[in-house]
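The values are calculated or read from the model by the stated rules, or taken from the named source; none is laboratory data. Since we're looking at a predicted model, the values are computed, not measured. Cβ coordinates were reconstructed from backbone atoms using ideal geometry, including for glycine residues, and neighbour counts include every protein chain displayed.
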Amino acid sequence: MGFLTEEIAIDLGTANTLIIHNDKVVVNSPSIVAIDRTTNKIIAIGAEASMMHGKTHENIKTIRPLKDGVIADFNASEQMINTLIKSIPTLKRRFFTPSLRMVICIPSGITEVEMRAVKESAERVNGKEVYLIHEPMAAAIGIGIDIMQPKGNMIVDIGGGTTEIAVIALSGIVCDKSVKIAGDVFTNDIVNYMRSKHNLYVGERTAEKIKILIGSVIEDLENPPEDMSVQGRDLVTGKPKQVMVSYTEIAKAIDKSIIRIEEAIMEALSQTPPELAADIYNTGIYLAGGGALLRGLDIRLSRKTDLPVYIAEDPLQAVVRGTGITLKNLESYKNILIK
Ligand code: ADP
Ligand code: MG
């Protein structure tokens, strides 16, 4: 241990894995693996594998090992963790992997068995001290909330595969809900909308681009984005074609899914003990995760709940930031870590 030990913080997300080392985000990569079906060998990980997604032929498949907040493929997830840790620039230059002290943030829906698998995967890449932390906790710390106070705070983290809703007080998760409606579902909603309204067949990557560029959850945005041209295949003629799409259409396309998230938030609020509910009345709701970037989400949730709603600074990195803070203050956060 001592000077031979390096410290890393990992946000193992359903869509993106981020790693902090020496206070810097050194890895920010899609949680995706490409596999050769015939040899079962992994041929690409992260951004490279993501580029292949939707464009593979029968010999190659891409998988997202944590897609729905559970580990779908243990082997792929281990290889992903292994490769991403070894790709940290300062570690890559070493002859051997140094001993690692790590804190890994995991989706809340993950089971005991899956937790152990993540931990063992980390230990096999020389993790001498491996701690796990639940996502809403890491998100709250990353947002800058003092989680040790006897004061309730509600965090809503909308990721790729899951939306996690939690009330946190006195270093504990008082109320926790994980629903499988998040970024992937919104993307899929857009694919379906383009098909039914425009007779246009678009792939997942295109739909995600639409979501990021003009995605909105209300139809009365103050600063609306410009209409976007979208290319795909005409379902009738089979020919490539282009249509213009507006943000109000995307608000319609994902409305049903946003309603499901609203319902989950309302349910969590109704299950919150009254003293904490009183706190939340004042502190409001904090949004994190990529979904927090949907235009108008704060306004829509505020209209629905009559509470103030805040978007975390750089919501895609709130969780890894929180995980990094925990790593640097292991002693004071010991009681919230899963050893
Ligand atoms: P996870 O923690 O599950 O890995 P992230 O918090 O990294 O998920 O969020 C990834 C999701 O956020 C993806 O579904 C992605 O499409 C979506 N996303 C990223 N940027 C935006 C944006 N600007 N607007 C809407 N959704 C976004
Ligand atoms: Mg996340």
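Values as computed for the structure displayed
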item: Given (1) in a helix (DSSP H, G or I); (2) surrounded by 17 or more Cβ atoms within 10 Å (Cβ to Cβ); (3) aliphatic (A, V, I, L, M); (4) under 20 Å from the mean Cα position of the chain (by Cα), index of the condition MET115 fails; result: (2)
item: Hits in the stretch 204-226 - residues which are out of contact with any Phe, Trp or Tyr (no Cβ under 8 Å at 6 or more places or on another chain), of a type in the set (A, V, I, L, M, F, W, C) and surrounded by 15 or more Cβ atoms within 10 Å (Cβ to Cβ); result: ALA207, ILE210, VAL217, ILE218
item: Of residues in the stretch 91-110 being assigned to a loop (DSSP other than H, G, I, E, B) and free of Cβ contacts under 8 Å to residues at least 60 places away in the same chain, the one farthest from ligand 1 (Cβ to nearest atom); result: PHE95
item: Test result for ALA318, assigned to a helix (DSSP H, G or I) and more than 26 Å from LEU18 (Cα to Cα); result: no
item: When residues of the stretch 135-144 are limited to those that are away from ligand 2 (no atom under 11 Å from the Cβ) and closer than 24 Å to GLU6 by Cβ, the one farthest from the chain's Cα centre (by Cα); result: ILE141
item: Residue that is farthest from ligand 2 (Cβ to nearest atom) [pool: residues in the stretch 94-111 that are modelled with pLDDT under 85 and under 21 Å from ILE165 (Cα atoms)]; result: GLY109
item: Search result, residues across the stretch 236-257 that are of a type in the set (A, V, I, L, M, F, W, C) and in contact (Cβ under 8 Å) with a residue 60 or more places away in the chain; result: ILE250, ALA253, ILE254
item: Test result for PRO150, in contact (Cβ under 8 Å) with a residue 60 or more places away in the chain and either away from ligand 1 (no atom under 15 Å from the Cβ) or surrounded by fewer than 22 Cβ atoms within 10 Å (Cβ to Cβ) (or both); result: no
item: Residue satisfying all of: in the stretch 153-203; acidic (Asp, Glu) and away from ligand 2 (no atom under 13 Å from the Cβ); surrounded by the fewest Cβ atoms within 10 Å (Cβ to Cβ) among these; result: ASP176
item: Number of positions in the stretch 272-305 that are assigned to a helix (DSSP H, G or I) and of a type outside the set (S, T, N, Q); result: 19
item: In the stretch 19-54, the residues that are in contact with a Lys or Arg (Cβ under 9 Å, 6 or more places away or on another chain) and assigned to a strand (DSSP E or B); result: ILE20, VAL25, PRO30, VAL33, ALA34, ILE35, ASP36
item: Answer from ARG303, ARG321, ARG233 - the residue that is among the basic types (Lys, Arg) and touching a residue at least 60 places away in the same chain (Cβ under 8 Å); result: ARG321
item: Neighbours by Cβ (under 8 Å, 6+ apart or cross-chain): first from the stretch 39-62, under 16 Å from THR206 (Cα atoms); second assigned to a loop (DSSP other than H, G, I, E, B); result: SER50/ILE32; HIS53/ILE32; GLY54/GLY203
item: Residue pairs meeting the criteria (Cβ under 7 Å; at least 6 apart or on separate chains; first over 14 Å from ALA139 (Cα atoms), in the stretch 283-299; second more than 6 Å from ligand 1 (Cβ to nearest atom) and among the small types (Gly, Ala, Ser)); result: LEU294/SER216; ARG295/SER216; GLY296/SER216
item: Qualifying residues in the stretch 56-90 (those that are within 17 Å of the chain's Cα centre (by Cα) and assigned to a helix (DSSP H, G or I)) - the one farthest from MET115 (Cα to Cα); result: LEU84
